[in-house]
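Participant: Can you keep this structure in mind? I'll have questions shortly.
The values are calculated or read from the model by the stated rules, or taken from the named source; none is laboratory data. Since the structure is predicted, the reported quantities are computational estimates derived from the model, not experimental observations. Positions of Cβ are generated from backbone atoms using ideal geometry, with glycine treated the same way; all protein chains shown enter the neighbour counts.
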Amino acid sequence: MEILSAINIPALIAFTLVASFSPGPSTISTASMVLTFGYRKSIRYQAGILAGLFLVMVASGFVAATITTRFPRLVPVMTLGGALYILYLAFLIIRSSVTINEEIKKPLGFFQGMFLQFLNVKIVLVGLTVYSTFLVDLPHTLLWRIVSASFFAAIAIPALLLYSLFGVVLLRLLRSPRTAKIINALFGVALIYTAFALLWPLVSTFIKK
């Protein structure tokens, strides 16, 4: 399809996998919920996380589309800004340590999982970055916003399942500073790749001029 040919799919997938599988509030809280109350009682919370992610991505798509349609000259600037933000995320991930809190007193529900996404500034910025860079050429229709947001939510499902099923192992690994640094370094390298994949078309265009 012509629409897909305009998208840097390898870079998009790499960025999406890192954003979904890297330790964060959603994945760590899900693992803690499963460890404390069992998988069945965490299902509503995980459903809320997915619903919130879906809504945030749809909204981000429309916001980014509005900006790029009214101010098309800002597209290269937004691409540059998106790439720099991804590099910033890579820097933060490589240098970060994971804080794990297993003291959840009662099971969290659907709306708590959903509002977690609304209040997660990182998720909002990731959504705006994706739609103003990787998916800037996507048709500005509700259908394509729903399809693309469903794709991101679908990628998040195995991430939540991974932290749910292997929560004990993952939390133990993340408690080890050495192991956490290795994992963060791998995620950081993947983000650096996506940033340069975004920047290369701009650089090559500048060189040709």
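Participant: In this structure, is residue 3 in contact with a helix residue (DSSP H, G or I) (Cβ under 9 Å, 6 or more places away or on another chain), crowded, with 16+ Cβ neighbours inside 10 Å, at pLDDT below 75 and not small (Gly, Ala, Ser)?
Facilitator: Taking the combined requirement at face value, the residue does not satisfy it.
Participant: Another question about this same structure. For region 1-96, give me every one of the helices (runs of 4 or more DSSP H) that falls completely inside it and has 3 or more residues that are of a type in the set (Ser, Thr, Tyr).
Facilitator: Where helices (runs of 4 or more DSSP H) fall fully within region 1-96 and carry at least 3 residues being of a type in the set (Ser, Thr, Tyr), they are 25-37, 43-70, 75-95.
Participant: Moving on to the next point. Conditions first: (1) more than 20 Å from the chain's Cα centre (by Cα); (2) surrounded by 22 or more Cβ atoms within 10 Å (Cβ to Cβ); (3) under 28 Å from residue 142 (Cα atoms). Residue 64 passes all but one, so which condition is the exception?
Facilitator: Of the numbered conditions (1) more than 20 Å from the chain's Cα centre (by Cα); (2) surrounded by 22 or more Cβ atoms within 10 Å (Cβ to Cβ); (3) under 28 Å from residue 142 (Cα atoms), the odd one out for residue 64 is (1).
Participant: Here are some conditions: (1) at pLDDT 85 or above; (2) buried (at least 16 other Cβ atoms within 10 Å of the Cβ); (3) of a type in the set (Ser, Thr, Tyr). Residue 29 meets all but one. Which one does it not meet?
Facilitator: Here residue 29 clears every test but (1).
Participant: Would you call residue 105 of a type in the set (D, E, K, R), modelled with pLDDT under 85 and either under 17 Å from the mean Cα position of the chain (by Cα) or on the phi > 0 side of the Ramachandran plot (or both)?
Facilitator: no
Participant: Now for a separate question. Has region 108-122 got any residue that is surrounded by fewer than 21 Cβ atoms within 10 Å (Cβ to Cβ), farther than 27 Å from residue 36 by Cα and either more than 14 Å from the chain's Cα centre (by Cα) or at pLDDT 85 or above (or both)?
Facilitator: The answer is no, given that none of the residues of region 108-122 is surrounded by fewer than 21 Cβ atoms within 10 Å (Cβ to Cβ), farther than 27 Å from residue 36 by Cα and either more than 14 Å from the chain's Cα centre (by Cα) or at pLDDT 85 or above (or both).
Participant: Quick one: which of 139, 177 is surrounded by fewer than 17 Cβ atoms within 10 Å (Cβ to Cβ), at pLDDT below 80, at negative phi and not small (Gly, Ala, Ser)?
Facilitator: 177
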